[in-house]
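I have placed the structure first, in the form of structure tokens, so that the comments after it can refer back to it.
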Amino acid sequence: MTLWEYDLSLGIPGFCGVDEAGRGPLAGDVYAAAVILDPDNPIDGLNDSKKLTEKRREALFPVIQEKALAWSVGVATVDEIDTYNILQATFLAMRRAVEGLRVKPVMALVDGNRSPGLPVPTRLLVKGDGTSASVAAASILAKVSRDHYMMKLAEQYPQYRFDQHKGYGTKLHYELLDQYGISPVHRRSFLKKYLQQQLQTTGGRGEAIASQYLVGQGCTILTGGYHTPLGEVDLIARKDGFVIFAEVKTGTAGCPGDRVDDRKQLRLLRAASQWLEEHPTLLQPRFDVIEVLLDPRTGDLDSVHWMQDAFGLEGRKL
């Protein structure tokens with residue numbers, strides 16, 4: 001039985017097919033479409049949008065819009081996805097698509113096994129986009145509409161290359177997230193695990209940020225992560241006659257530098273003493289604290305605070 005034959009076998013004139021696109025990506029809105037096809041004006045080549053090439057989908061897109069008795073595309077935003085969850089946001093997009101039809105359907109044939117709560121009688125059909133011509137047409141409209149939207153996002157946020165991965169969690173996409181952080185069009189509810197992993201590595205990231213910051217302030221980094229049995233120094237740098245022993249504290253709130261207590265200061269002094277024994281220098285020692293604050297929601301850099309001579313030990317003989 002062909003997709004058109006399935007629709008005719010239902011014996012229900014004036015029903016709409018409903019399908020969605022974009023439930024799985026890490027970024028962007030979720031789309032849905034509703035289509036009432038004209039049985040007297042069939043469209044060749046309709047199928048599940050995932051089984052069609054991009055070129056074929058693009059070719060069918062205007063044909064469906066021209067030949068259908070009615071069609072509509074509905075959208076649920078990233079904010080709605082994060083607020084309600086992706087399932088409820090998808091249902092919202094489906095309701096908007098059906099409500100946007102200029103002709104009220106007598107029934108909706110929905111791809112899937114969960115009712116989206118449409119304002120018309122609803123029949124569910126698992127793998128409906130590969131069974132019904134009407135649902136297939138809806139899947140194509142939803143998919144192409146979302147792809148066009150992602151191309152616009154690619155122009156707004158070129159660093160994320162949305163035109164290549166359409167927001168899905170590809171290796172490239174995660175690499176770009178690591179490099180640029182999370183944008184306003186990313187679904188934070190989809191990235192909770194990723195953000196947790198990022199925050200777990202904030203120490204190393206904070207030291208990298210602090211190192212770049214010191215270089216930007218004219219310092220020369222001598223070494224990083226200097227470890228001894230008696231203590232350690234996160235960064236050792238040189239500037240203006242000083243050898244700087246820097247403790248880097250990274251956090252998402254408050255003053256991370258407050259965690260450098262007397263015990264930590266003593267370990268820092270001991271480690272600095274050993275480094276100076278290994279690297280005799282006429283430079284005057286100084287002990288600094290660098291606070292790196294990250295946004296608790298996105299993990300992006302918020303600010304860097306450089307506290308020079310943080311313990312009042314400048315010039316102390318070691």
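Descriptive notes on the structure:
- Within the range 131-154, considering residues that are part of a helix (DSSP H, G or I) and open to solvent by 30 Å² or more (accessible area, probe 1.4 Å), the one nearest to L37 (Cα to Cα): K143
Okay, residues lined up against (1) part of a helix (DSSP H, G or I); (2) modelled with pLDDT of 85 or more; (3) among the hydroxyl-bearing types (S, T, Y); (4) buried (at least 18 other Cβ atoms within 10 Å of the Cβ):
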position	(1), (2), (3), (4)
Q196	yes, no, no, no
G203	yes, no, no, no
E207	yes, no, no, yes
Y226	no, yes, yes, yes
V233	no, yes, no, yes
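- When the residues of the range 94-118 are filtered to those that are surrounded by fewer than 24 Cβ atoms within 10 Å (Cβ to Cβ) and among the small types (G, A, S), the one that is nearest to R23 (Cα to Cα) is G112.
- Considering (1) open to solvent by less than 50 Å² (accessible area, probe 1.4 Å); (2) among the aliphatic types (A, V, I, L, M); (3) touching a helix residue (DSSP H, G or I) at 6+ places or on another chain (Cβ under 7 Å), the lone condition that L214 does not fulfil carries the number (3).
- Test for T250: is it at pLDDT below 80, open to solvent by less than 40 Å² (accessible area, probe 1.4 Å), in contact with a strand residue (DSSP E or B) (Cβ under 6 Å, 6 or more places away or on another chain) and not hydrophobic (A, V, I, L, M, F, W, C): no
- The one condition from (1) among the aliphatic types (A, V, I, L, M); (2) touching a strand residue (DSSP E or B) at 6+ places or on another chain (Cβ under 8 Å); (3) open to solvent by 40 Å² or more (accessible area, probe 1.4 Å) that L282 does not meet is (2).
- For the range 155-170, a residue qualifies if it is assigned to a helix (DSSP H, G or I) and either of a type in the set (V, I, T) or modelled with pLDDT of 95 or more (or both), and the qualifying residues are E155, F162, D163, Q164, H165.
- Verdict on V126 being open to solvent by 70 Å² or more (accessible area, probe 1.4 Å), modelled with pLDDT of 95 or more, more than 20 Å from L26 (Cβ to Cβ) and β-branched (V, I, T): yes
- Test: residue in the range 161-173 that is in contact (Cβ under 8 Å) with a residue 40 or more places away in the chain, surrounded by fewer than 20 Cβ atoms within 10 Å (Cβ to Cβ) and more than 20 Å from the chain's Cα centre (by Cα): no
The values are calculated or read from the model by the stated rules, or taken from the named source; none is laboratory data. Only a predicted model underlies this, so the values are computations on that prediction, with no experimental measurement involved. FYI the Cβ positions are ideal-geometry reconstructions off the backbone, even for glycines, and counts take in every protein chain you see. For accessibility, only protein heavy atoms count, side chains too; no ligands or nucleic acids. Shrake-Rupley method; radii C 1.70, N 1.55, O 1.52, S 1.80 Å.
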